[in-house]
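The values are calculated or read from the model by the stated rules, or taken from the named source; none is laboratory data. For clarity, every value in this text was computed on a predicted model and none was experimentally measured. With ideal geometry, Cβ positions are generated from the backbone for all residues, glycine too; neighbour counts draw on all protein chains shown. Quick note on the areas: whole protein, heavy atoms, side chains included, nothing else; ligands and nucleic acids left out. Shrake-Rupley method; radii C 1.70, N 1.55, O 1.52, S 1.80 Å.
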Amino acid sequence: MGQSTDQETFLNRIAQKLGRERRSGITPPEWPDHPYQNMTLPVTREDKIRHFIDNLAALDTRAEMISENEVAEKILDVIRRENVRSVVYQDDERLEQIGLGEGLQRAGVDTLKWSAEPDSKEQQLQNVEQADMGVTMADIGLAETGSVVLFNGGGRGRVTSLLPPIYVAFLEADRIVPRITQALKRIDEMAGAYRENGTPQLPSCINFITGPSRSADIEMDLSLGVHGPGKVYVFILDR
Amino acid sequence: MKQTQTQAEPIPFYRRVDEALKDPMLQKAVTIAQDRLRNGRIQAGEILGNVDEWRKRAEEIRRHTIENLDSYLEQLAANVQKAGGKVHFASDGDEAVSIIKTIAQEKQARSVVKSKSMVTEEIGLNEALEEMNIDVAETDLGEYIIQLAGEKPSHIIAPAIHKTREQVAELFSEKGKKRLSSETPELTAFAREQLRNKFINADIGISGCNFAVAESGSVVLVSNEGNARMTTTLPKTHIAVMGMERIAPTWRDLDVLLSMLVRSATGQKISVYVTALTGPRRAEDADGPEEFHLVVLDNGRSDILGTKYQDVLHCIRCGACLNVCPVYRHIGGHAYGGVYSGPIGAVLSPLLDGYDQWGELPYASSLCGACTEACPVRIPLHDLLIEHRQDMVNQGDAPMGERLLMKAYGFSTSRPGLYEKALKWGYRAAGFISDGDTIKKGPGPLKGWTDHRDFPRPASQSFREWWQKEKKGDS
Ligand code: SF4
């Protein structure tokens, strides 16, 4: 494959330039403390939720606490407000459980469940691309930044939160953690399990999404939705 | 071939600077961008509160990683393979290009989409693929603009800051064969539409790599627009190209590095998207690329290991040093001539390609030290610039005037103490404020230090005056 350099030659050169024997299997240091320990971060459930909502508001993004039986009504609101005609959503049981399908049916929009079924992916992708709105569950929320974390894999595909111009995420309130530290710690533990038993524990893709797609590449002037969704709604499920 | 520098006919450094100084548009644009990004970083630092502790930890992590780079690269490679990806090691740019060309041939690729990657600029990848008649589309809005203009990035983070909206409208109108206004939404919508088609139809997506997490074999990409997600999701093959130093040992380490990268780059607390990719899609996945390749590039980096310049490999490419540099402010990124501009470029380019090509760059600095103070991983940038000057003097490469100065001011001997002081003043980009042409000295505790430090350019001089003298080497 091309004229690549053999791995050992490449690594030995590094060792030689560092002026020592080749190293292998180094254990990363356990740092005694963490700089974020001095940050003022929300602790209570209420504070975490409030920070999450406020931080998204600062990015012109609406996050709202709702109860489970409001799902249909809230999704209808967004559909009306944004003039949505077609919706793509992830193949995720949790979305069914909260009654998304029913809500969409009531709204009378075209729907597509983006699933791992292989039939005519190309055609399906065109449909996702054409859809006005994408809907997913989120796995973790970060209070400090207003981020939603998605473990993409299986039916929980990547494109639903990426291609349509509007993106809606549902997030259980109890899944909001103070900051990225706790989310990465969880991923770290998953990676640790991976090391021990050899089967991949991390999904092929993990996304942290914080508000709408933005660019400031033209004279530092902010514009939204250059590639990803330009509008984002997050519904926090109070359960 | 190492760094592929892009001018067919290299323009001498002094000419590039003179040209930049004659361009008022450029200076306006650079000033606005610099101020915006710098202020953002300072505010983000204030929110963290104890930013110096973060910087220290970030530095410790980077130092540990580079000192054990062979071990972590080995672990990374093993984990990428376990997750179903392929790893390729490339000693130089030629090798990296050849590896990628071979993959492109195998896939019979006709089109490639790219998300912003300095390292592929470094190896001249676009040109090589275009020679194979492959359509290459840069998809970061800034990169797209400069690709249409046939130019190179002038800033690590904001590659097209030297372009005005009118110039962008001109480029897009020509491309779309219809007259576009210079309003941002219209221009953005045009780029979105053009690039959507490219994403959907591309055979291969090529990305850089902000960090590769060794413990899981994951490539982490940071983007605001979402083009990195598109590039790594839609095409059937994804190739990530990484400089060999860009490793985070664990996800816990990534916490600190990511927090510092984004805050230092744009002042955001987190970028809109942070995407971690571990191998290609799995059999049960609804989407994602079927193949994943990771190209690990040396290209002169290993020669820096074990030298007094080793710390430069700690760089996380945040661009903060550019945003505080008074020289960058006046001459912009292109005057540096290489892929990497600003203080980091002035330190790195001579290391990657030698003094013959980049010997002037270490002189494109007033040694004010603002870069060192801004750097989130505490690379002593201006000390390394002095080291470069000293090395050139020792090799007999430096201009006569400079050689005398180095002696007279005894820079190398005064170095450690000054560096400690710089650290103590912390992260604030205190004091090096440029008002138009005159670069003021730092107020407060920096005063004494700068009086001594910026000897080639007393405060009363304008940048132009200083530059004229510096050029002649007769300060
Ligand atoms: S040298 Fe430091 S400040 Fe400059 S780009 Fe690298 S990490 Fe950022």
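For this structure, a couple of remarks:
- With a 10 Å cut-off around each Cβ of B:185-196, the average count of Cβ atoms from other chains is 4.
- Partner chain coverage, peptide B:235-244 - average Cβ within 10 angstrom: 0
- Close amide H contacts of A:TYR233 (hydrogens built in the peptide plane, cut-off under 5 Å, sequence separation of 5 or more or a different chain): A:TYR167, A:VAL168, A:ALA169.
- Surface analysis of chain A yields an accessible area of 43 Å² per residue, using protein heavy atoms and a 1.4 Å probe.
- Here B:GLU193 and B:ASP35 are evaluated by their C-beta separation; at R0 = 30 Å the FRET efficiency comes out at 0.40.
- Check: the range A:59-237 dipole with +1 on Lys, Arg Cβ and -1 on Asp, Glu Cβ, in debye: 160
- For B:THR184, A:THR9, the ranking by accessible surface with the largest value first comes to A:THR9, B:THR184, using a 1.4 Å probe.
- Here the Karplus curve 6.51 cos²θ - 1.76 cosθ + 1.60, taken at θ = phi - 60°, turns the phi angles of the range B:318-326 into couplings of 8, x, 4, 5, 5, 6, 10, 7, x Hz, with x standing for Gly and Pro.
- Interface between chains A and B: roughly 8400 Å² of accessible area buried, both sides summed (probe 1.4 Å, protein heavy atoms only).
- Each Lys or Arg adds one and each Asp or Glu takes one away; over the other residues whose Cβ falls under 12 Å from the Cβ of B:ILE239, this sums to +2.
- The label point for A:ARG80 and the one for B:ASN201, both projected 7 Å from the Cα toward the Cβ, are 4.1 nm apart.
- GluC sites (Glu not before Pro) restricted to DSSP loop in the range A:1-93 with at most 13 other C-beta within 10 Å: A:GLU21, A:GLU30
- Remark: for residue pairs B:LYS152/B:LYS178; B:LYS114/B:LYS236; A:LYS231/B:LYS236; B:LYS22/B:LYS175; B:LYS86/B:LYS107; A:LYS17/B:LYS308, the C-alpha separation exceeds 19 Å in B:LYS152/B:LYS178; A:LYS231/B:LYS236; B:LYS22/B:LYS175.
- Legend: mean number of C-beta atoms from other chains within 10 angstrom of residue C-beta atoms, peptide B:211-220, equals 4.
- The fraction of accessible area contributed by carbon and sulfur in the protein assembly as shown is 48 percent, rounded to a whole number (1.4 Å probe; ligands and nucleic acids excluded).
- Computed with a 1.4 Å probe over protein heavy atoms only, the accessible area of B:PHE292 comes to about 10 Å².
- As a calculated quantity, the FRET efficiency between A:GLU68 and A:LYS185 at R0 = 25 Å, using C-beta atoms, amounts to about 0.30.
- Against the criterion of solvent-accessible heavy-atom surface with a 1.4 angstrom probe, B:TYR14, B:TYR355 sort, most first, into B:TYR14, B:TYR355.
- When the charge dipole of the protein assembly as shown is built from unit charges on Cβ atoms (+1 for Lys and Arg, -1 for Asp and Glu) and taken about the Cα centre, the candidate among A:GLY101, A:ASN83, B:TYR144 whose Cα reaches farthest toward its positive end is B:TYR144.
- Distance between the pseudo-spin-label points of B:GLU67 and A:ALA57 (7 Å out from Cα toward the beta carbon): 4.7 nm.
- A:ILE176 long-range amide H proximity, modeled H, under 5 Å: A:GLY141
- Rounded to the nearest Hz, the phi-derived 3J(HN,Hα) couplings of the range B:104-113 under the Karplus curve 6.51 cos²θ - 1.76 cosθ + 1.60 (θ = phi - 60°) are 4, 5, 4, 8, 6, 6, 10, 9, 10, 10, where x marks glycine and proline.
- For B:ASP303 and A:LEU125, a Förster radius of 35 Å and the Cβ-Cβ distance give a FRET efficiency of 0.20, rounded to the nearest 0.05.
- Vicinal HN-Hα couplings computed from phi for the range A:153-168 (Karplus, 6.51 cos²θ - 1.76 cosθ + 1.60; Hz; Gly/Pro x): x, x, x, 7, x, 8, 6, 4, 8, 10, 7, x, x, 10, 10, 10
- A:GLY211 long-range amide H proximity, modeled H, under 5 Å: A:VAL148
- Angle in degrees between helix A:45-57 and the longest Cα principal axis of chain A, rounded to the nearest 10: 80
- Spin-label model, B:ARG179 to A:ARG50: label points 7 Å out along the Cα-to-beta-carbon direction sit 5.5 nm apart.
- Considering only beta bridges that DSSP places wholly inside the protein assembly as shown, some 35 percent are antiparallel.
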